[in-house]
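K.L.:
What follows is a single structure, and I will ask about it in a moment.
The values are calculated or read from the model by the stated rules, or taken from the named source; none is laboratory data. Computed from a predicted model, the values in this text were never measured in an experiment. Here the Cβ is made from the backbone with ideal geometry for all residues, glycine too, and neighbour counts use every protein chain on show. All accessible areas refer to the heavy atoms of the entire protein, side chains included, with ligands and DNA or RNA removed. Shrake-Rupley method; radii C 1.70, N 1.55, O 1.52, S 1.80 Å.
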Amino acid sequence: MVKFAAKSFATVVALFCLISAIAFSSVKISLLSFIGDDPSRTEAFLYVMSLENHALKSSIPEGFERSLGRDILELFTNINLRNMKTFLISEIPGLHAATPKIIIAGKGADFTNLPIESPPPDDLDVWEEGNDDPVEESSPPKKQTTTGEPVVFIYSSHNTESFLPLLPNVKDPNRAWHKEKNVTLLGKRLGEKLGEKGIKTLVNEVDIQALLKKRNMEYFQSYSVSREIAVETMKRHKQIQFYFDIHRDSSRRSVTTTTINGKTYAKPYFVIGKEHPNYKKNLELASHLFNALQEKYPGLPRGVYGKTKADGDGVYNQDLAENALLIEIGGVDNTLEELNRTVDALAEVFSEYYWGEAKEASKEK
(Lines give C-alpha, C1' and ligand atoms only; values in the text may rest on other atoms or scores of the structure.)
Protein backbone atom coordinates (compact mmCIF):
# COMPACT_ATOMS: atom_id res chain seq x y z
CA MET A 1 0.00 0.00 0.00
CA VAL A 2 2.81 2.35 0.93
CA LYS A 3 4.68 1.49 -2.28
CA PHE A 4 1.55 2.14 -4.38
CA ALA A 5 1.01 5.55 -2.72
CA ALA A 6 4.66 6.44 -3.24
CA LYS A 7 4.48 5.47 -6.94
CA SER A 8 1.27 7.48 -7.41
CA PHE A 9 2.79 10.51 -5.76
CA ALA A 10 5.93 10.22 -7.86
CA THR A 11 3.81 9.94 -11.04
CA VAL A 12 1.81 13.07 -10.18
CA VAL A 13 4.97 15.01 -9.40
CA ALA A 14 6.57 13.86 -12.63
CA LEU A 15 3.55 14.91 -14.70
CA PHE A 16 3.45 18.29 -13.00
CA CYS A 17 7.15 18.85 -13.63
CA LEU A 18 6.76 17.80 -17.27
CA ILE A 19 3.87 20.21 -17.92
CA SER A 20 5.65 22.98 -16.06
CA ALA A 21 8.84 22.43 -18.03
CA ILE A 22 6.96 22.57 -21.32
CA ALA A 23 5.10 25.68 -20.27
CA PHE A 24 8.07 27.56 -18.87
CA SER A 25 10.21 26.66 -21.88
CA SER A 26 7.76 28.46 -24.17
CA VAL A 27 7.33 31.74 -22.34
CA LYS A 28 9.50 34.51 -20.99
CA ILE A 29 8.40 35.44 -17.51
CA SER A 30 8.79 39.11 -16.64
CA LEU A 31 8.04 41.24 -13.65
CA LEU A 32 5.92 43.30 -16.02
CA SER A 33 3.57 40.34 -16.39
CA PHE A 34 1.81 41.63 -13.31
CA ILE A 35 0.49 44.47 -15.44
CA GLY A 36 0.47 42.87 -18.87
CA ASP A 37 -2.37 41.83 -21.14
CA ASP A 38 -4.12 38.53 -20.50
CA PRO A 39 -5.34 36.59 -23.57
CA SER A 40 -8.60 34.86 -22.73
CA ARG A 41 -9.02 31.19 -21.99
CA THR A 42 -11.22 31.06 -25.11
CA GLU A 43 -8.18 31.84 -27.27
CA ALA A 44 -6.16 29.19 -25.46
CA PHE A 45 -8.96 26.66 -25.99
CA LEU A 46 -9.23 27.55 -29.69
CA TYR A 47 -5.51 27.02 -30.12
CA VAL A 48 -5.59 23.58 -28.49
CA MET A 49 -8.60 22.55 -30.60
CA SER A 50 -7.01 23.93 -33.78
CA LEU A 51 -4.26 21.32 -33.46
CA GLU A 52 -6.89 18.77 -34.46
CA ASN A 53 -9.29 20.95 -36.48
CA HIS A 54 -7.23 23.26 -38.66
CA ALA A 55 -10.33 25.21 -39.74
CA LEU A 56 -10.32 26.80 -36.27
CA LYS A 57 -6.98 28.50 -36.91
CA SER A 58 -8.78 31.35 -38.67
CA SER A 59 -10.62 32.11 -35.40
CA ILE A 60 -7.41 32.68 -33.43
CA PRO A 61 -6.63 36.42 -33.09
CA GLU A 62 -3.78 37.66 -35.24
CA GLY A 63 -0.52 37.75 -33.33
CA PHE A 64 -1.69 35.26 -30.70
CA GLU A 65 1.45 33.64 -29.27
CA ARG A 66 1.05 29.87 -29.44
CA SER A 67 2.26 27.48 -26.78
CA LEU A 68 0.65 24.08 -26.21
CA GLY A 69 2.09 23.55 -22.73
CA ARG A 70 1.25 27.02 -21.48
CA ASP A 71 -2.30 26.92 -22.86
CA ILE A 72 -3.02 23.48 -21.41
CA LEU A 73 -1.77 24.75 -18.04
CA GLU A 74 -4.09 27.76 -18.26
CA LEU A 75 -7.10 25.68 -19.29
CA PHE A 76 -6.77 23.30 -16.35
CA THR A 77 -5.48 25.63 -13.62
CA ASN A 78 -6.58 29.17 -14.62
CA ILE A 79 -2.93 30.19 -14.25
CA ASN A 80 -1.48 32.25 -17.10
CA LEU A 81 2.30 32.44 -17.00
CA ARG A 82 2.20 35.72 -18.94
CA ASN A 83 0.12 37.32 -16.20
CA MET A 84 1.32 36.81 -12.65
CA LYS A 85 -1.96 38.26 -11.29
CA THR A 86 -3.50 34.87 -11.98
CA PHE A 87 -1.24 33.31 -9.31
CA LEU A 88 -2.57 35.75 -6.71
CA ILE A 89 -6.20 35.25 -7.80
CA SER A 90 -5.84 31.48 -7.48
CA GLU A 91 -4.28 31.70 -4.00
CA ILE A 92 -6.23 34.52 -2.29
CA PRO A 93 -9.89 33.64 -1.60
CA GLY A 94 -12.36 36.22 -2.88
CA LEU A 95 -9.81 38.16 -4.94
CA HIS A 96 -11.30 37.01 -8.25
CA ALA A 97 -14.74 38.31 -7.26
CA ALA A 98 -13.29 41.67 -6.27
CA THR A 99 -11.28 42.05 -9.47
CA PRO A 100 -12.78 44.75 -11.75
CA LYS A 101 -14.48 43.36 -14.84
CA ILE A 102 -13.63 44.63 -18.32
CA ILE A 103 -16.64 43.33 -20.20
CA ILE A 104 -15.42 44.51 -23.61
CA ALA A 105 -11.85 45.69 -24.06
CA GLY A 106 -10.94 48.21 -26.71
CA LYS A 107 -7.46 48.55 -28.17
CA GLY A 108 -4.91 49.00 -25.38
CA ALA A 109 -7.45 48.51 -22.57
CA ASP A 110 -6.38 46.34 -19.66
CA PHE A 111 -6.42 46.34 -15.85
CA THR A 112 -3.61 48.89 -15.72
CA ASN A 113 -5.67 51.69 -17.30
CA LEU A 114 -9.20 51.30 -15.98
CA PRO A 115 -11.25 54.50 -15.72
CA ILE A 116 -10.28 56.48 -12.63
CA GLU A 117 -12.86 58.30 -10.57
CA SER A 118 -11.22 60.84 -8.27
CA PRO A 119 -12.91 63.59 -6.23
CA PRO A 120 -11.67 67.20 -6.24
CA PRO A 121 -9.21 68.28 -3.51
CA ASP A 122 -10.84 69.40 -0.26
CA ASP A 123 -9.35 72.89 -0.58
CA LEU A 124 -10.65 73.45 -4.12
CA ASP A 125 -13.69 75.68 -4.58
CA VAL A 126 -14.75 75.75 -8.23
CA TRP A 127 -17.33 78.46 -7.50
CA GLU A 128 -14.89 80.96 -5.99
CA GLU A 129 -14.46 82.99 -9.20
CA GLY A 130 -17.32 85.38 -10.06
CA ASN A 131 -20.89 85.39 -8.78
CA ASP A 132 -23.29 82.51 -9.35
CA ASP A 133 -27.02 82.76 -9.61
CA PRO A 134 -28.68 80.96 -6.70
CA VAL A 135 -29.68 77.38 -7.46
CA GLU A 136 -33.18 76.38 -6.46
CA GLU A 137 -33.40 72.78 -5.31
CA SER A 138 -36.83 72.39 -6.86
CA SER A 139 -35.76 73.69 -10.28
CA PRO A 140 -36.41 71.05 -12.96
CA PRO A 141 -34.17 70.62 -15.99
CA LYS A 142 -35.19 73.11 -18.69
CA LYS A 143 -36.79 71.84 -21.87
CA GLN A 144 -35.12 72.64 -25.19
CA THR A 145 -36.97 74.75 -27.73
CA THR A 146 -37.32 72.13 -30.47
CA THR A 147 -40.76 70.61 -31.01
CA GLY A 148 -41.88 67.19 -29.83
CA GLU A 149 -41.30 65.23 -26.66
CA PRO A 150 -37.68 64.42 -25.74
CA VAL A 151 -36.57 60.79 -25.88
CA VAL A 152 -33.03 61.32 -24.55
CA PHE A 153 -31.95 62.90 -21.25
CA ILE A 154 -28.34 64.00 -20.76
CA TYR A 155 -26.84 65.02 -17.43
CA SER A 156 -23.54 64.90 -15.50
CA SER A 157 -23.45 63.69 -11.91
CA HIS A 158 -19.94 65.15 -11.61
CA ASN A 159 -20.72 68.25 -13.64
CA THR A 160 -17.62 70.24 -12.54
CA GLU A 161 -15.14 67.72 -13.99
CA SER A 162 -12.95 69.73 -16.35
CA PHE A 163 -9.92 69.43 -18.64
CA LEU A 164 -6.47 71.01 -18.29
CA PRO A 165 -6.45 72.53 -21.83
CA LEU A 166 -9.56 74.51 -20.83
CA LEU A 167 -7.80 75.83 -17.70
CA PRO A 168 -4.62 77.63 -18.85
CA ASN A 169 -3.40 78.43 -15.34
CA VAL A 170 -3.91 74.90 -13.98
CA LYS A 171 -1.21 72.26 -14.38
CA ASP A 172 -2.14 69.80 -11.63
CA PRO A 173 -4.59 67.17 -12.99
CA ASN A 174 -6.07 66.84 -9.51
CA ARG A 175 -7.29 70.43 -9.83
CA ALA A 176 -8.99 70.02 -13.20
CA TRP A 177 -12.38 71.23 -12.01
CA HIS A 178 -14.42 74.28 -13.03
CA LYS A 179 -17.95 75.56 -12.54
CA GLU A 180 -18.48 76.42 -16.23
CA LYS A 181 -15.71 74.96 -18.40
CA ASN A 182 -16.45 71.33 -17.74
CA VAL A 183 -18.12 68.15 -19.02
CA THR A 184 -21.48 69.90 -19.36
CA LEU A 185 -20.09 71.41 -22.57
CA LEU A 186 -19.95 67.88 -23.96
CA GLY A 187 -23.50 67.11 -22.82
CA LYS A 188 -24.80 70.25 -24.52
CA ARG A 189 -22.99 69.45 -27.75
CA LEU A 190 -24.28 65.87 -27.73
CA GLY A 191 -27.81 67.19 -27.26
CA GLU A 192 -27.37 69.62 -30.16
CA LYS A 193 -25.96 66.96 -32.48
CA LEU A 194 -28.77 64.54 -31.66
CA GLY A 195 -31.29 67.31 -32.25
CA GLU A 196 -29.77 67.94 -35.67
CA LYS A 197 -30.38 64.28 -36.43
CA GLY A 198 -34.04 64.54 -35.46
CA ILE A 199 -33.72 63.06 -31.97
CA LYS A 200 -35.34 65.34 -29.40
CA THR A 201 -32.97 65.60 -26.42
CA LEU A 202 -33.27 67.21 -23.02
CA VAL A 203 -30.03 68.42 -21.41
CA ASN A 204 -29.95 69.00 -17.66
CA GLU A 205 -29.20 72.57 -16.55
CA VAL A 206 -29.28 72.05 -12.79
CA ASP A 207 -25.86 72.38 -11.13
CA ILE A 208 -25.71 69.05 -9.29
CA GLN A 209 -22.44 69.80 -7.52
CA ALA A 210 -23.82 73.16 -6.31
CA LEU A 211 -26.77 71.31 -4.77
CA LEU A 212 -24.34 68.88 -3.17
CA LYS A 213 -22.40 71.77 -1.64
CA LYS A 214 -25.55 73.61 -0.53
CA ARG A 215 -26.76 70.53 1.34
CA ASN A 216 -23.33 69.86 2.92
CA MET A 217 -23.24 66.43 1.30
CA GLU A 218 -20.13 64.42 0.41
CA TYR A 219 -18.82 63.98 -3.13
CA PHE A 220 -19.68 60.27 -3.18
CA GLN A 221 -23.33 61.27 -2.76
CA SER A 222 -23.38 62.93 -6.19
CA TYR A 223 -25.38 60.06 -7.63
CA SER A 224 -28.06 60.50 -4.98
CA VAL A 225 -28.57 64.12 -6.04
CA SER A 226 -28.46 63.35 -9.77
CA ARG A 227 -30.97 60.58 -9.12
CA GLU A 228 -33.45 63.17 -7.87
CA ILE A 229 -32.99 65.12 -11.11
CA ALA A 230 -33.42 61.98 -13.21
CA VAL A 231 -36.55 60.85 -11.35
CA GLU A 232 -38.11 64.32 -11.62
CA THR A 233 -37.35 64.30 -15.35
CA MET A 234 -38.98 60.89 -15.75
CA LYS A 235 -42.17 62.22 -14.15
CA ARG A 236 -42.32 65.30 -16.37
CA HIS A 237 -41.26 63.66 -19.64
CA LYS A 238 -42.61 60.13 -19.85
CA GLN A 239 -41.40 59.64 -23.44
CA ILE A 240 -37.73 59.67 -22.44
CA GLN A 241 -36.13 56.28 -23.11
CA PHE A 242 -32.39 56.98 -22.87
CA TYR A 243 -30.40 58.42 -19.96
CA PHE A 244 -26.75 59.39 -20.50
CA ASP A 245 -24.56 60.48 -17.57
CA ILE A 246 -21.49 62.19 -19.08
CA HIS A 247 -18.15 62.16 -17.21
CA ARG A 248 -14.46 62.54 -17.92
CA ASP A 249 -11.77 60.12 -16.77
CA SER A 250 -8.85 61.11 -14.54
CA SER A 251 -6.40 59.06 -16.64
CA ARG A 252 -3.69 60.85 -18.62
CA ARG A 253 -3.38 61.57 -22.32
CA SER A 254 -1.55 58.41 -23.39
CA VAL A 255 -4.51 56.35 -22.19
CA THR A 256 -7.40 58.58 -23.26
CA THR A 257 -6.31 59.70 -26.73
CA THR A 258 -6.09 58.04 -30.13
CA THR A 259 -5.38 59.18 -33.69
CA ILE A 260 -7.73 58.27 -36.56
CA ASN A 261 -7.03 59.43 -40.12
CA GLY A 262 -4.61 62.06 -38.86
CA LYS A 263 -7.02 63.53 -36.27
CA THR A 264 -6.84 63.02 -32.51
CA TYR A 265 -9.89 61.88 -30.56
CA ALA A 266 -10.72 61.55 -26.86
CA LYS A 267 -11.43 57.89 -26.18
CA PRO A 268 -14.80 57.06 -24.57
CA TYR A 269 -15.38 54.36 -21.95
CA PHE A 270 -18.82 52.92 -21.13
CA VAL A 271 -19.34 52.14 -17.43
CA ILE A 272 -22.13 49.76 -16.45
CA GLY A 273 -23.37 49.28 -12.90
CA LYS A 274 -23.95 45.58 -12.25
CA GLU A 275 -25.93 45.78 -9.01
CA HIS A 276 -29.44 46.17 -10.46
CA PRO A 277 -32.04 44.32 -12.60
CA ASN A 278 -31.50 46.45 -15.74
CA TYR A 279 -27.84 45.49 -15.94
CA LYS A 280 -28.12 43.24 -19.01
CA LYS A 281 -30.32 45.68 -20.94
CA ASN A 282 -27.91 48.54 -20.30
CA LEU A 283 -25.04 46.28 -21.30
CA GLU A 284 -26.74 45.52 -24.62
CA LEU A 285 -26.88 49.23 -25.47
CA ALA A 286 -23.28 49.84 -24.38
CA SER A 287 -22.08 46.84 -26.39
CA HIS A 288 -23.91 48.03 -29.49
CA LEU A 289 -22.47 51.55 -29.27
CA PHE A 290 -18.99 50.15 -28.60
CA ASN A 291 -19.13 47.89 -31.65
CA ALA A 292 -20.57 50.64 -33.85
CA LEU A 293 -17.80 53.06 -32.81
CA GLN A 294 -15.16 50.40 -33.31
CA GLU A 295 -16.44 49.71 -36.82
CA LYS A 296 -16.63 53.35 -37.92
CA TYR A 297 -13.68 54.65 -35.87
CA PRO A 298 -11.27 51.73 -35.26
CA GLY A 299 -9.46 52.09 -31.95
CA LEU A 300 -11.68 54.86 -30.61
CA PRO A 301 -13.69 53.18 -27.80
CA ARG A 302 -11.70 52.11 -24.75
CA GLY A 303 -14.14 49.46 -23.64
CA VAL A 304 -17.15 48.52 -21.55
CA TYR A 305 -16.43 48.27 -17.85
CA GLY A 306 -18.75 46.58 -15.34
CA LYS A 307 -18.69 47.89 -11.77
CA THR A 308 -20.04 46.31 -8.59
CA LYS A 309 -20.48 47.92 -5.18
CA ALA A 310 -16.97 46.76 -4.36
CA ASP A 311 -15.66 48.94 -7.20
CA GLY A 312 -17.79 52.01 -6.54
CA ASP A 313 -21.47 52.88 -6.63
CA GLY A 314 -22.45 49.72 -8.50
CA VAL A 315 -25.74 51.20 -9.80
CA TYR A 316 -25.11 54.76 -11.10
CA ASN A 317 -28.89 55.33 -11.38
CA GLN A 318 -29.00 52.83 -14.24
CA ASP A 319 -31.73 50.91 -12.45
CA LEU A 320 -34.14 53.69 -13.46
CA ALA A 321 -34.27 52.70 -17.14
CA GLU A 322 -33.32 49.89 -19.51
CA ASN A 323 -31.24 52.28 -21.61
CA ALA A 324 -29.09 54.17 -19.10
CA LEU A 325 -25.34 54.61 -19.51
CA LEU A 326 -22.45 56.33 -17.79
CA ILE A 327 -20.05 57.51 -20.49
CA GLU A 328 -16.51 58.63 -19.68
CA ILE A 329 -15.34 60.86 -22.54
CA GLY A 330 -11.60 61.49 -22.65
CA GLY A 331 -9.44 62.45 -19.69
CA VAL A 332 -7.92 65.46 -17.98
CA ASP A 333 -5.48 66.16 -20.83
CA ASN A 334 -7.86 66.14 -23.79
CA THR A 335 -8.57 69.30 -25.78
CA LEU A 336 -12.07 70.55 -26.57
CA GLU A 337 -11.50 69.74 -30.26
CA GLU A 338 -10.67 66.12 -29.42
CA LEU A 339 -13.63 65.86 -27.09
CA ASN A 340 -16.03 67.35 -29.64
CA ARG A 341 -14.88 64.93 -32.34
CA THR A 342 -15.74 62.04 -30.05
CA VAL A 343 -19.09 63.53 -29.08
CA ASP A 344 -19.93 63.89 -32.77
CA ALA A 345 -18.97 60.25 -33.34
CA LEU A 346 -21.19 59.16 -30.45
CA ALA A 347 -24.10 61.19 -31.86
CA GLU A 348 -23.56 59.58 -35.24
CA VAL A 349 -23.61 55.95 -34.06
CA PHE A 350 -26.41 56.51 -31.56
CA SER A 351 -28.67 58.19 -34.13
CA GLU A 352 -28.14 55.25 -36.48
CA TYR A 353 -29.04 52.91 -33.66
CA TYR A 354 -32.08 54.95 -32.63
CA TRP A 355 -33.58 55.25 -36.12
CA GLY A 356 -32.79 51.61 -36.79
CA GLU A 357 -32.90 48.97 -34.09
CA ALA A 358 -34.42 51.09 -31.32
CA LYS A 359 -37.38 52.24 -33.45
CA GLU A 360 -38.04 48.72 -34.70
CA ALA A 361 -37.96 47.38 -31.12
CA SER A 362 -40.43 50.04 -29.97
CA LYS A 363 -42.86 49.05 -32.76
CA GLU A 364 -42.83 45.44 -31.61
CA LYS A 365 -43.86 46.37 -28.05
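K.L.:
Among 319-329, 260-270, how do they line up by average Cβ neighbours within 10 Å per residue, starting with the highest?
P.N.:
Packing order, densest peptide first, comes out as 319-329, 260-270.
K.L.:
If you restrict to DSSP beta bridges whose two residues both lie in region 221-324, what percentage is antiparallel, to the nearest 5?
P.N.:
Antiparallel bridges make up about 40 percent of those DSSP assigns within region 221-324.
K.L.:
Top to bottom by accessible area (1.4 Å), largest first, where do Ser224, Ser156 land?
P.N.:
Working: Ser224 65, Ser156 10 Å².
Sorted descending by solvent-accessible area, the residues read Ser224, Ser156.
K.L.:
Any of Lys188/Lys296; Lys188/Lys309; Lys101/Lys281; Lys179/Lys235; Lys280/Lys309 with alpha carbons more than 21 Å apart? Name them for me.
P.N.:
Lys188/Lys296; Lys188/Lys309; Lys179/Lys235
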